[in-house]
Amino acid sequence: MRTTVLRDPAYRLLLTGSVVAGLGSWLLLVAVPVYVYQLTGSATATGLAVAVEATPGLLIGPWAGVLLDRVRLTRALWLAQLACAAAVSLLLLVDDASDVWLIYLAVFGENVAATVQRPAVRALVPAVVGTGQRELAAANSLDSLAGSLLRLGAPPLGALLLAGPGIGAVLAIDIAGYLLSALLFAVLGRRTASPA
């Protein structure tokens, strides 16, 4: 795999923003259901949290690419990251089991906004690195590698943070990550044009 695409500052912004945003999404994958169980002691409430996390991808995922064809991709990315940060911030309002509905709302909102990330990033890669076969293949390989590492490492990290410092630490990292990725995508938008 050629890593010369990493010399491109625009691609580094895209990859870094994607990784930081992905970290936020994957940190909560295990932490939220465990947190719901800690609050409620209910397997049903915990299962519902898992279902709410998955629902946006099933309902919106197939249509996200079509919708993204009509907007500037970098703008969609940074707005989605701000929406994720706002949704996750709702979790800061949760005090006890009676507030579990806020968790469901926050997780649903975060996952709706996060659903646009993968198709938007994939559509932006050729605009950033060009359509040369080697560069495009290298960029797609790096994106896949980063995504796989996130899926492997971030959920257990979220659970460890929940068990250690607590949900506050998970949420702080998550919100900060979404805000940082929004900034990176906004900077990227100033440097590149979205594909037609």
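The values are calculated or read from the model by the stated rules, or taken from the named source; none is laboratory data. All values reported here derive from a predicted model rather than from experimental measurement. Using ideal geometry, Cβ is built from the backbone for each residue, glycine included, and neighbour counts are taken over all protein chains shown. For accessibility, only protein heavy atoms count, side chains too; no ligands or nucleic acids. Shrake-Rupley method; radii C 1.70, N 1.55, O 1.52, S 1.80 Å.
Observations, loosely collected:
Matching residues to (1) aromatic (Phe, Trp, Tyr); (2) free of Cβ contacts under 8 Å to residues at least 60 places away in the same chain:
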residue: Leu6; (1), (2): no, no
residue: Leu39; (1), (2): no, no
residue: Trp63; (1), (2): yes, yes
residue: Trp78; (1), (2): yes, no
residue: Ala87; (1), (2): no, yes
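- Looking only at segment 31-56, and only at residues there that are within 15 Å of Val88 (Cβ to Cβ) and of a type in the set (Val, Ile, Thr), the one that is surrounded by the fewest Cβ atoms within 10 Å (Cβ to Cβ): Val52
- Helices (runs of 4 or more DSSP H) fully within segment 100-193 counting 3 or more residues that are among the charged types (D, E, K, R): 133-163, 167-191
- So Leu105, is it closer than 21 Å to Val50 by Cβ, modelled with pLDDT of 95 or more and open to solvent by 60 Å² or more (accessible area, probe 1.4 Å): yes
- If only residues of segment 143-166 that are more than 16 Å from the chain's Cα centre (by Cα) and crowded, with 19+ Cβ neighbours inside 10 Å are counted, the one that is farthest from Leu13 (Cα to Cα) is Leu162.
- Being of a type outside the set (S, T, N, Q), free of Cβ contacts under 8 Å to residues at least 12 places away in the same chain and under 16 Å from Val34 (Cα atoms) is a property that does not hold for Pro156.
- Failed item, numbered, when Ala80 is tested on (1) over 19 Å from Val125 (Cα atoms); (2) buried (at least 21 other Cβ atoms within 10 Å of the Cβ): (1)
- Hits in segment 7-18 (condition: closer than 20 Å to Gly153 by Cβ and open to solvent by 50 Å² or more (accessible area, probe 1.4 Å)): Thr16
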